[in-house]
Structure formats: structure tokens, C-alpha cells
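Participant: Please read through the structure below; I'll follow up with questions.
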Amino acid sequence: MKRSVFFTLAVAFVMLFASCSKEVKLPGTTWTANYSKTITYMGASGNVSLDMTIKFIDETNYNMDVTTSATVMGQTMPAETDNQKGTYTFDGEKGVFDGEQEFTYNKDDETISVTVTVDDEMAEMFGTDKITLTFKQK
């Protein structure tokens, strides 16, 4: 009898922790990120914003829409949208876009993070050579 109760409790304990897994499946999901920063370009200060949407089409393909807008010296430039298609790999925690740009999935806050290294001109404008983008699932 004691062994049966112990076994039942052990199974319940294992099931409790196994069901708490927050593993994410990317195919068929859509993720968005927004990034806004005050920049300085050729002595002029302005705001730049990026709105990004990643759609994971299947196990290896994605589409990403990037809409950029900028306001410099009181002038707002028309927003531009760029669509990119590519491939990715993902092991449930870490992934790579197009064989070169790494990303990670954070189980605790259910986000995807991408840290992009920018060129020298962009680094001067943004005040950093790395920009971290945080995507939340829609």
C-alpha cells in the first residue's frame, strides 16, 4: 500500500513539472517587436522607430515585415515597409535566421530576442553598435 501511494505521488510530481514546460513551436506563429530611439545624425537630433512582424511560415521559412519611420528637425519622413523572406533553424531555445543572425527564446517571459550588430555609421547615430529587439507573440 505504501509503495502504491509513493508511486502515485511520484507520478503526480513528475507530471506537474512536465506540464509546466513552456516550449514554443514557431511554425504558424506571428511575433512583433517595436523599437524606438532618439538618434543624432550630422548634428541633427531625431526619432527613429521600427515596427517588425515575423511570421514563421513552417519549420524552416519565415517572412518579416519591417516598417521604419523617422522624424528629424520636425519633419516626419513617410513610413517605408520592407518585406524580407528567409530561412531559420530553431532548437526550442536558440535559433539562427538565414544561417547568420542568432536569436533566443526566453521561456520565462515568452519572448524572442535578437541582438543586431550595426555598422559604424549606424553605431554613431544610435550611440551603440548593438541593437536588441524583443519580439512578443501576437
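Participant: What list of ³J(HN,Hα) couplings, whole Hz, do you get for the stretch 118-129 from phi and the Karplus terms 6.51, -1.76, 1.60, once you set θ to phi - 60° and write x for glycine and proline?
Facilitator: Working through the residues one at a time gives 9, 6, 4, 5, 5, 4, 5, 5, 8, x, 7, 9 Hz.
Participant: Top to bottom by accessible area (1.4 Å), largest first, where do Met77, Met122 land?
Facilitator: On the way: Met77 90, Met122 70 Å².
Listed by decreasing accessible area, they come as Met77, Met122.
Participant: Return a whole-number percent for the relative contact order of the stretch 33-138, with Cα pairs under 8 Å and 6 or more residues apart as the contact set.
Facilitator: 20
Participant: Leaving out ligands and nucleic acids, note down the accessible area per residue over the stretch 44-132 with a 1.4 angstrom probe, in whole Å². Mind dumping the intermediate values first?
Facilitator: Numbers: 5540 Å² over 89 residues.
I get 62 Å² per residue for this part.
Participant: Here's another thing I want to ask about it. From the gyration tensor of the Cα coordinates in the stretch 85-138, what semi-axes in whole Å does the equivalent ellipsoid have, largest first, with each one equal to sqrt(5λ)?
Facilitator: Equivalent ellipsoid of the stretch 85-138: 23, 14, 9 Å, largest first.
Participant: Sticking with this structure for a sec: In whole percent, and with a 1.4 Å probe on the protein chains, what portion of the accessible area of the stretch 44-138 is carbon and sulfur?
Facilitator: Ligands and nucleic acids excluded, carbon and sulfur reach 46 percent.
Participant: Shifting gears a bit: Excluding ligands and nucleic acids, what accessible area in Å² is computed for Thr111 using a 1.4 Å probe, to the nearest 10?
Facilitator: Rounded to the nearest 10, that gives 10 Å².
The values are calculated or read from the model by the stated rules, or taken from the named source; none is laboratory data. Model, not experiment: these values are computed from the prediction. Just the protein is used for accessible areas: all its heavy atoms, side chains included, with ligands, DNA and RNA removed. Shrake-Rupley method; radii C 1.70, N 1.55, O 1.52, S 1.80 Å.
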